[in-house]
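Undergrad: A single structure is presented below for examination.
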Amino acid sequence: MSIVAHNRETMAVRVIRLDASQWVKPSDVDQAFKSALGSPESHGNGADAWIDSMLYGGMNEIDAPFRIEIDGTDGMNETTFYYLMLIQCTVGHARLLKSTQTGVDTDVTIAVFG
């Protein structure tokens with residue numbers, strides 16, 4: 001995992017890079033996100049939990065704005081890859097929905113590169 005510097009004065013987006021090459025099961029995805037974002041032990045798993053903590057904040061050590069860039073998914077098994085895609089898509093959809101309903105865009109992106 002690497003984290004590119006974040007400038008709070010300009011609200012520049014923090015970039016968090018994760019290597020998924022060792023992720024074997026969906027819980028590995030959750031654990032990697034928890035570690036990268038500084039989530040408490042009480043943080044749940046699954047798309048709903050990530051929507052709550054990423055888009056509404058206050059739970060993780062790292063709050064928006066941030067971009068999670070994931071590489072190393074080429075050899076990932078289908079179940080784990082689909083779980084990662086589920087989180088990516090639902091967080092992206094929830095961001096758009098929140099922005100449309102409230103006028104507040106929470107700058108959180110999950111990008112998967114392969």
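The values are calculated or read from the model by the stated rules, or taken from the named source; none is laboratory data. The structure displayed is predicted, hence computed values, not measured ones. Note: ideal-geometry Cβ built from the backbone for every residue, glycine included; neighbour counts use all protein chains shown. Just so you know, the surface numbers come from the protein's heavy atoms only, side chains and all, with ligands and any DNA or RNA stripped out. Shrake-Rupley method; radii C 1.70, N 1.55, O 1.52, S 1.80 Å.
Undergrad: Take the residues in the stretch 17-40 that are part of a helix (DSSP H, G or I) and small (Gly, Ala, Ser), then tell me which one is farthest from residue 57 (Cα to Cα).
TA: Going through the qualifying residues, I end up with 27.
Undergrad: Determine if the stretch 40-60 includes at least one residue that is out of contact with any Ser or Thr (no Cβ under 9 Å at 6 or more places or on another chain), under 17 Å from residue 18 (Cα atoms) and open to solvent by less than 80 Å² (accessible area, probe 1.4 Å).
TA: So far as the stretch 40-60 goes, no, none of its residues is out of contact with any Ser or Thr (no Cβ under 9 Å at 6 or more places or on another chain), under 17 Å from residue 18 (Cα atoms) and open to solvent by less than 80 Å² (accessible area, probe 1.4 Å).
Undergrad: So which residues in the stretch 66-81 are over 14 Å from residue 111 (Cα atoms) and either free of Cβ contacts under 8 Å to residues at least 12 places away in the same chain or within 13 Å of the chain's Cα centre (by Cα) (or both)?
TA: Within the stretch 66-81, just 78 meets the criteria.
Undergrad: Scan the stretch 95-108 for residues that are open to solvent by 40 Å² or more (accessible area, probe 1.4 Å) and among the β-branched types (Val, Ile, Thr) and jot them down.
TA: 100, 102, 104
Undergrad: Out of 87, 51, 62, I need the residue that is within 25 Å of residue 12 (Cβ to Cβ) and part of a loop (DSSP other than H, G, I, E, B). Which one?
TA: Result of the check over 87, 51, 62: 62.
Undergrad: Conditions first: (1) crowded, with 18+ Cβ neighbours inside 10 Å; (2) part of a helix (DSSP H, G or I). Residue 92 passes all but one, so which condition is the exception?
TA: (1)
Undergrad: When you check residue 90 against the structure, is it at pLDDT 95 or above and over 15 Å from the mean Cα position of the chain (by Cα), yes or no?
TA: So residue 90 fails the test.
Undergrad: Let me ask something else. Could you check how many residues of the stretch 68-98 are of a type in the set (A, V, I, L, M) and farther than 15 Å from residue 56 by Cα?
TA: Final tally of qualifying residues: 7.
Undergrad: Now, a different point. Examine the stretch 68-86 for a residue that is aliphatic (A, V, I, L, M), at pLDDT 95 or above and open to solvent by 80 Å² or more (accessible area, probe 1.4 Å), and state whether such a residue exists.
TA: Yes - at least one qualifying residue is present in the stretch 68-86.
Undergrad: Hey, another quick one. Among (1) touching a strand residue (DSSP E or B) at 6+ places or on another chain (Cβ under 6 Å); (2) open to solvent by 30 Å² or more (accessible area, probe 1.4 Å); (3) among the aliphatic types (A, V, I, L, M), which single condition is residue 24 missing?
TA: So the condition that residue 24 fails would be (1).
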